[in-house]
1. Quick check on segment 227-238. Is at least one of its residues assigned to a loop (DSSP other than H, G, I, E, B) and within 18 Å of Phe130 (Cβ to Cβ)?
2. Going through segment 118-150 one residue at a time, which ones are touching a helix residue (DSSP H, G or I) at 6+ places or on another chain (Cβ under 8 Å) and farther than 24 Å from Gly95 by Cβ?
3. Quick one: how many residues across segment 81-131 are in contact with a His (Cβ under 7 Å, 6 or more places away or on another chain) and surrounded by fewer than 15 Cβ atoms within 10 Å (Cβ to Cβ)?
4. Among the residues of segment 157-214, write down those that are surrounded by 15 or more Cβ atoms within 10 Å (Cβ to Cβ) and aliphatic (A, V, I, L, M).
5. Kindly establish whether Gly77 is under 30 Å from Phe197 (Cβ atoms) and in contact with a Ser or Thr (Cβ under 6 Å, 6 or more places away or on another chain).
6. Looking at segment 191-218 only, could you name the residues that are of a type outside the set (Asp, Glu) and outside any strand (DSSP E or B)?
7. Can you say whether Arg91 is among the basic types (Lys, Arg), modelled with pLDDT of 95 or more and either part of a loop (DSSP other than H, G, I, E, B) or touching a Leu at 6+ places or on another chain (Cβ under 8 Å) (or both), as far as the supplied structure shows?
8. Kindly indicate which of Phe59, Phe40, Phe64 is of a type in the set (Phe, Trp, Tyr), modelled with pLDDT of 90 or more and either out of contact with any Ser or Thr (no Cβ under 9 Å at 6 or more places or on another chain) or part of a strand (DSSP E or B) (or both).
Amino acid sequence: MNLRYSLLIMTVSFFSVGPTYGQLDKIENLKVDDSKRIRFGYYLGLNTVGAKVEYKPTFTSGPFRINVKPKPSFDVGLLADYRFNEFLNIRFHPGVAFVERGIKFPFSLEDPRFSKALIDRVVKSNYVRFPVGIKLNTRRIRNVRPFVMGSVSYNINITSEETNSEDNSSGTFRMKRDVYAWELAAGTDFYLPYFKFTTSVHGFFALSDEFVSDEDVNSVYTRYIASMKSRGIFLRFTFE
């Protein structure tokens with residue numbers, strides 16, 4: 001999954017839609033409401049989250065690589081927004097993200113040590129998320145306002161299996177519970193007659209290593225994996 005190209009395409013789409021919508025709508029909605037110092041809302045979203053995996057040298061004829069395939073899933077959350085001025089907001093947007101990833105190990109089914117269930121798996125991660133962001137707005141164009149936002153977040157993977165005594169030898173892929181990340185978003189606020197509707201795309205980049213090795217240091221599953229950090233795209237629809 002090429003996150004940078006996907007993020008670029010979706011960002012261009014959002015910025016091109018906003019001005020067109022503004023030209024069609026002559027009445028400025030929520031003119032007074034938009035100047036409120038504090039606003040609250042909620043959001044619904046879709047996500048695809050994969051991972052950046054780094055490896056140790058194998059000292060063999062071929063490298064060891066696992067295939068991490070993101071699967072579409074969803075997230076929900078709330079937001080509290082503090083307005084400094086027309087162009088700057090501080091936004092707290094906690095939520096829960098349900099993430100699924102397909103993980104395939106480079107082993108052959110002809111090897112009697114491995115079954116299909118051990119080679120090809122679906123790993124589910126439920127993250128309770130606490131992001132805080134700085135939102136930079138453009139000038140309002142009638143009923144639209146494009147923006148960019150940078151956030152840092154603390155995430156708790158409540159299905160991490162980090163302390164589980166079972167590991168990959170029994171089919172359990174363990175990940176760390178605590179994840180720190182930074183996020184970059186771009187989108188457009190649409191001022192409708194009764195509420196503000198926002199579409200945005202968010203890039204998610206974990207800073208901390210989430211990988212937990214097997215108990216056996218010579219495990220065929222984990223001995224060549226150095227680190228694993230989540231990378232993902234979130235498409236979000238916000239109502240304020």
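The values are calculated or read from the model by the stated rules, or taken from the named source; none is laboratory data. Source: prediction; values computed, not measured. Please note: Cβ atoms are built from the backbone with ideal geometry, for glycine as well, and neighbour counts cover all protein chains shown.
1. For segment 227-238, residues assigned to a loop (DSSP other than H, G, I, E, B) and within 18 Å of Phe130 (Cβ to Cβ): absent.
2. Listed by number, the residues that qualify are Leu118, Arg140, Ile141, Arg142, Asn143, Val144.
3. Residues in segment 81-131 being in contact with a His (Cβ under 7 Å, 6 or more places away or on another chain) and surrounded by fewer than 15 Cβ atoms within 10 Å (Cβ to Cβ): 0 in total.
4. Met175, Val179, Ala181, Leu184, Ala185, Ala186, Val201, Ala206, Val212
5. Here the answer is no, as Gly77 does not meet what is asked.
6. Residues satisfying the conditions are Leu192, Pro193, Tyr194, Phe195, Leu207, Ser208, Val212, Ser213, Val217, Asn218.
7. In short, yes.
8. Exactly one residue qualifies, and that residue is Phe40.
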